[in-house]
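The values are calculated or read from the model by the stated rules, or taken from the named source; none is laboratory data. What you see is a predicted model; the values in this text were computed from it and never measured. Note that each Cβ is placed from the backbone with ideal geometry, even for glycine, and that neighbours are counted across all protein chains shown.
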């Protein structure tokens, strides 16, 4: 979850959001908004599978309200993940000795590793090596598809964001 995800921030997000019709009003829910991935997933699962909620006496409108609130928390956490990764990418680009041809940030809905900054260097092993030397990471080579080699370096920023820098080059011809 996000380091910036706090109860006051969640309350503000809920106040700004429009609650779907037919749900128990969020202000009447007896539970606090979820703060962890497991709690978010549980709230969403319970709304999608009310038949699995045995003996709790929780109404469908309440389950739906808890799930819609959990989705807002999930979106806040993902937004924070993107913004943190973009800030880290900005810092990397401002200090790197070479510039990539492409930068992307990937963030699955609830990826265990958090966001990933991916930097691609077009057909340039030398640039990947220069990038790795600057950030103190090792470079590895491995086969890619049938006739190519992927040269990459993997690391983690000071902010804890994972990154990869890579290039794909043609494999050397095999001597006969």
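Listed values, structure above:
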{"read-out": "Matching residues in region 26-43 - criterion: being within 20 Å of residue 114 (Cα to Cα), in contact with a helix residue (DSSP H, G or I) (Cβ under 9 Å, 6 or more places away or on another chain) and either in contact (Cβ under 8 Å) with a residue 40 or more places away in the chain or in a helix (DSSP H, G or I) (or both)", "value": "37, 39, 40, 41, 42"}
{"read-out": "Residue that is modelled with the lowest pLDDT, among those in region 102-117 that are surrounded by fewer than 17 Cβ atoms within 10 Å (Cβ to Cβ) and part of a strand (DSSP E or B)", "value": "106"}
{"read-out": "Among (1) touching a strand residue (DSSP E or B) at 6+ places or on another chain (Cβ under 9 Å); (2) crowded, with 16+ Cβ neighbours inside 10 Å; (3) free of Cβ contacts under 8 Å to residues at least 60 places away in the same chain, the one test that residue 88 misses", "value": "(3)"}
{"read-out": "Residue satisfying condition, being assigned to a strand (DSSP E or B), out of contact with any helix residue (DSSP H, G or I) (no Cβ under 6 Å at 6 or more places or on another chain) and at pLDDT below 95, within set 158, 164, 141, 152", "value": "141"}
{"read-out": "Inter-residue pairs, beta-carbon under 9 Å, first closer than 15 Å to residue 100 by Cβ and in region 123-149, second surrounded by fewer than 12 Cβ atoms within 10 Å (Cβ to Cβ) and modelled with pLDDT under 95, 6+ apart", "value": "123/170"}
{"read-out": "Options 23, 48; residue that is under 14 Å from residue 68 (Cβ atoms) and touching a helix residue (DSSP H, G or I) at 6+ places or on another chain (Cβ under 7 Å)", "value": "23"}
